[in-house]
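Here the structure comes first, spelled out in structure tokens, and everything after it is commentary.
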Amino acid sequence: MVKYKGIVASGGVGIGETYLIREDELFVPKKKIDYSKISREIYRFEEALIKTRRQISSIQEKISKEIGFDHGRIFEAHFLVLEDRMLIEDVIKQIKNNRVNVEYAFSQSIKKYIDTLLKLNDEYLRERVVDIKDIARRVIKVMLKEKSASLINLKNKRVIVAHDLTPSQTADIPKEKVVAFITDVGGRTSHTAIIARSLGIPAVVGLKNISKKINENDKVIVDGFSGTVIVKPSKKIVGDYKKKIAKYSKEIKAAKKPKIGKAVTKDGKQIDVSANIELPEELNLVKKYGADGIGLYRTEYIFLGKRKLPTEEEQYKAYSNVAKKSKPESVIIRTIDIGGDKFLSRPDVPQEMSPFLGWRAIRFCLARPAIFKAQIRAILRASAEGNVKMMFPMISGVEELLKAKKMVSLCKKELSGEKKKFDKNIKIGAMIEVPSAALTADVLAKECDFFSIGTNDLIQYSLAVDRANEKVAYLYEPGHPGVLRLIKNIINGAYGAKIWVGMCGEMSAEPSLAFLLLGLGLDEFSMPPPQVLKIKELIQRVTFKDAQAAAEKALNLSTAKEIEKYLKGRLRKLLDKDFFNFLNI
Ligand code: PEP
Ligand code: MG
């Protein structure tokens, strides 16, 4: 039994066997195979070589056509590796003699191959190591792809283990087959964490190199409350955890008893508590957990992991489906936030040194008017089918907002000309997630209908902490006085222009901070669907007056720890013991 400690990403406890997703590394797990499986593994190897050769040929053809024949020839080294008899025979020998899986055999042979080249006193051959690593990664990817497709055919639900999960990988995983997620990298607001919370699946991230230490099919316990992962647990520990799971589900049922209703404080202030969604399957959860509409519909998933960009028509179908199903509740559709940790894998979107500070979100859209226009037209058309609002991510100053609005006016004009229906008074909002926008909220508020505070980014930019980097996760403090002052400034800016202000960052689902945000005067909270009930019930059990007093006091304290301790103390006093314990703060 081995215990690992990571970062809490999504609550709950999951017990199950692991399923490994390793795509980007040469490291692959070793598995013993039966004698009867030897020929199947050799066949898989041959298949993978053929498929990879086809992939390289088409890339080569494309490059030769677009840039010239000489550039296409850079792949010659790749072909030489794929056809190297010694390498191929070495892999087959390992499968036969050592009875190991083909991915492992291949990675071992490649390592030997690379070591030999590095020892040679030949600059040219040493430089080829990069090509060899590239081709090896491709072959392994082809072999693993084959396996990830088989995730769908698994009989039991599994614990997904990965170095990291890209949003497109996450979108491909059949969620009903997942007991829990664990990853090497990531923080509380990395995308794996957000998705896991949205789906109510336990998750622990930032476990450093756990994906290299765990084997496929290992039994593990994932404790999403304490951030602990226990590999090969004893029977007694499993028994203890099963009791814990039973207790947790009982508490959830008990907490769900009070009717959901609206989130109205004891002294009569009503707050909207809405849900964030990204995947279509989350629509059911929005209703199930009683959310007041959708406060953030992340649209990146329609774009990611596809060869071609989605057309206006495809987008219109997706958005109007959500709008229709949510009617009469409102749906805030956010234009794409590509970049950061959500990449479009297209040759015209280069990888960047600092993607979070680079060509992301509104910057990308304004530089790609055709993509932006198609999305805005689709959102406008969907606004004829329900209560739709539109919002722009990563606004850093008023010029960007005005340019985006100009595009909306242009699209409206076009649609009117084409006699296509849309809501002429559609509300336009800005996400406030860049410190410069937070500080100029009064200026921005005059140019839009609402704000939604994106604390996942606002925290990373104001505290200079990469939200996906586990090494600095200890500095990622939503309750930092610097963050709270920015939020106060945003709310004041909104009030000054008489527009409403919400928050769709994960911070709004942290009970003690939600209490403070209520006191600061936030009008709307939006969060992963499973968190909605808890926050609604919290609002129903306190007074706005108490929250205001607590916010005032908290803003005069000096550190996040002091602030959180103080808020927890207040809630312990104000709430009954059972509900306070249920909040798990
Ligand atoms: C945020 O930044 O708080 C947010 C809600 O957007 P995302 O997590 O998609 O960047
Ligand atoms: Mg953001």
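Consider ILE271 carefully, then state whether it is more than 20 Å from ALA382 (Cα to Cα) and either surrounded by fewer than 18 Cβ atoms within 10 Å (Cβ to Cβ) or free of Cβ contacts under 8 Å to residues at least 24 places away in the same chain (or both). Walk me through how you get there before you give the answer.
Working: more than 20 Å from ALA382 (Cα to Cα): yes; either surrounded by fewer than 18 Cβ atoms within 10 Å (Cβ to Cβ) or free of Cβ contacts under 8 Å to residues at least 24 places away in the same chain (or both): no.
No: the conditions fail for ILE271.
Table: residues versus (1) free of Cβ contacts under 8 Å to residues at least 60 places away in the same chain; (2) open to solvent by 30 Å² or more (accessible area, probe 1.4 Å); (3) not in a loop (DSSP other than H, G, I, E, B); (4) not assigned by TED's automatic domain parsing to the domain that holds ALA430.
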| position | (1), (2), (3), (4) |
| --- | --- |
| GLY493 | yes, no, yes, no |
| SER508 | yes, no, yes, no |
| SER512 | no, no, yes, no |
| SER526 | no, no, yes, no |
| GLN548 | yes, yes, yes, no |
| LYS553 | yes, yes, yes, no |
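Screening ALA378, ALA361, ALA384 for residues that are buried (at least 24 other Cβ atoms within 10 Å of the Cβ) and within 16 Å of ILE426 (Cβ to Cβ) leaves exactly one candidate, ALA378. Taking the stretch 415-455 as the range and being within 12 Å of ligand 1 (Cβ to nearest atom) and open to solvent by 10 Å² or more (accessible area, probe 1.4 Å) as the test, only VAL434 passes. Considering the stretch 404-440, and only residues there that are away from ligand 2 (no atom under 16 Å from the Cβ) and among the small types (Gly, Ala, Ser), the residue that is farthest from PRO393 (Cα to Cα) turns out to be GLY417.
Residue-by-condition table, conditions (1) within 19 Å of GLY16 (Cβ to Cβ); (2) modelled with pLDDT of 90 or more; (3) surrounded by fewer than 19 Cβ atoms within 10 Å (Cβ to Cβ); (4) among the charged types (D, E, K, R):
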residue: SER168; (1), (2), (3), (4): no, no, yes, no
residue: VAL178; (1), (2), (3), (4): yes, yes, no, no
residue: PHE181; (1), (2), (3), (4): yes, yes, no, no
residue: THR192; (1), (2), (3), (4): yes, no, no, no
residue: SER198; (1), (2), (3), (4): no, no, no, no
residue: ILE210; (1), (2), (3), (4): yes, yes, no, no
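The values are calculated or read from the model by the stated rules, or taken from the named source; none is laboratory data. Nothing here was measured: the structure is a model prediction, and the numbers come from that model. Neighbour counts run over all protein chains shown; Cβ positions are idealised from the backbone, glycine included. Just so you know, the surface numbers come from the protein's heavy atoms only, side chains and all, with ligands and any DNA or RNA stripped out. Shrake-Rupley method; radii C 1.70, N 1.55, O 1.52, S 1.80 Å.
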